[in-house]
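One structure is given here, and the rest of the page talks about it.
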Amino acid sequence: MGICSRSEAAKAARRGDVTVDGVTVRRADMHIDPERIRVAFCGQDVIYKSAVVVMLNKPDGYISATEDARDHTVLELLDERCRRLGLFPCGRLDRDTVGLLLLTNDGDLCHRLISPKHKVEKVYYFKCQSPLSDPDRERLEGGVVLDGRLTLPAKLKLRDDRMSGELTLTEGKFHQVKRMLEAVDNKVTYLERIEFASITLDQTLARGEWRYLTADEESVLRRAAELE
Ligand code: URA
């Protein structure tokens, strides 16, 4: 569960720091059912979870990747435990897009959340260069052509200045929001994801900060992914 590496775990067991149902176990090759059996490490219960999901408030300047030779990656913002758990970003936000990014080590969950098939809503707050007209709104909601295909129906809530608002999408094409605004001869000047599958960005997290999802948030996510 990301507490230590495999070899450190074996050493800890030999030292007598691991108990299984209260009994010290010095061999690291024992097979157990982690759903039923209580394992403790240095006296602390190890909470077994088959998958982990983290919410990050992504800052500007980080790329949504696990490693990169040139740029800072969002993984650098997490801790050692998350890196050991093998978390990866669930979909991508551009380098200059900020806000809600989920990271998980559950490939199936991630695939379902980003595939348009499951119609999981992602809400983006944007600012753009010039006011959007009613026909622009109709095109953005009804679909513009990107990569030779119409974008799926979207929802647009415009603020009074008509130069900012919230766009709700159920798919995630490359630079989708920016390219949709370009398709109506406009330009995004600020982009922030504020919601993913009804989970809202935790306002207590500063940019660059993260936390594990609560059990309630995880079940919202699993329902949205049609896993529950
Ligand atoms: N749309 C974009 O254009 N960029 C993002 O980062 C996310 C959605």
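The residue list 140, 213 contains one member that is within 16 Å of the ligand (Cβ to nearest atom), modelled with pLDDT of 95 or more and either of a type in the set (Val, Ile, Thr) or buried (at least 16 other Cβ atoms within 10 Å of the Cβ) (or both), which is 140.
Among 128, 110, which is the only one that is more than 14 Å from the ligand (Cβ to nearest atom), under 28 Å from residue 202 (Cβ atoms) and either polar (S, T, N, Q) or crowded, with 19+ Cβ neighbours inside 10 Å (or both)? None of the others qualify; the one that does is 110. Residues to consider are 146, 132, 150; find the one that is of a type outside the set (D, E, K, R), touching a Lys or Arg at 6+ places or on another chain (Cβ under 7 Å) and without any contact (Cβ under 8 Å) to a residue 40 or more places away in the chain. Checking each option against the conditions leaves just 146.
Going through (1) within 18 Å of the chain's Cα centre (by Cα); (2) more than 8 Å from the ligand (Cβ to nearest atom) one by one, residue 193 falls short only on (2). Taking (1) among the β-branched types (Val, Ile, Thr); (2) without any contact (Cβ under 8 Å) to a residue 40 or more places away in the chain; (3) surrounded by 13 or more Cβ atoms within 10 Å (Cβ to Cβ) in turn, residue 23 satisfies each apart from (3). Within the set 216, 161, the sole residue that is of a type outside the set (A, V, I, L, M, F, W, C) and within 27 Å of residue 50 (Cα to Cα) turns out to be 216.
For the range 166-187, the criterion of being away from the ligand (no atom under 13 Å from the Cβ), in contact with a helix residue (DSSP H, G or I) (Cβ under 7 Å, 6 or more places away or on another chain) and touching a residue at least 40 places away in the same chain (Cβ under 8 Å) is met by at least one residue. When each of 32, 47, 63 is tested for being surrounded by 11 or more Cβ atoms within 10 Å (Cβ to Cβ) and either out of contact with any strand residue (DSSP E or B) (no Cβ under 8 Å at 6 or more places or on another chain) or over 30 Å from residue 190 (Cβ atoms) (or both), the lone residue that passes is 32. Only one entry of 74, 123 meets the criterion of being within 19 Å of residue 211 (Cβ to Cβ) and of a type in the set (A, V, I, L, M, F, W, C), and that entry is 74.
Considered as a group, the residues in the range 71-102 that are modelled with pLDDT of 95 or more and among the basic types (Lys, Arg) include one that is farthest from the ligand (Cβ to nearest atom), and that residue is 95. Here the condition is being in contact with a strand residue (DSSP E or B) (Cβ under 7 Å, 6 or more places away or on another chain) and under 29 Å from residue 216 (Cβ atoms); of 25, 53, 18, it holds for 53 alone.
The values are calculated or read from the model by the stated rules, or taken from the named source; none is laboratory data. Bear in mind the structure is a predicted one, so any value in this text is a computation, not a measurement. Glycine gets a Cβ as well: all are built from the backbone with ideal geometry, and neighbour counts include every protein chain shown.
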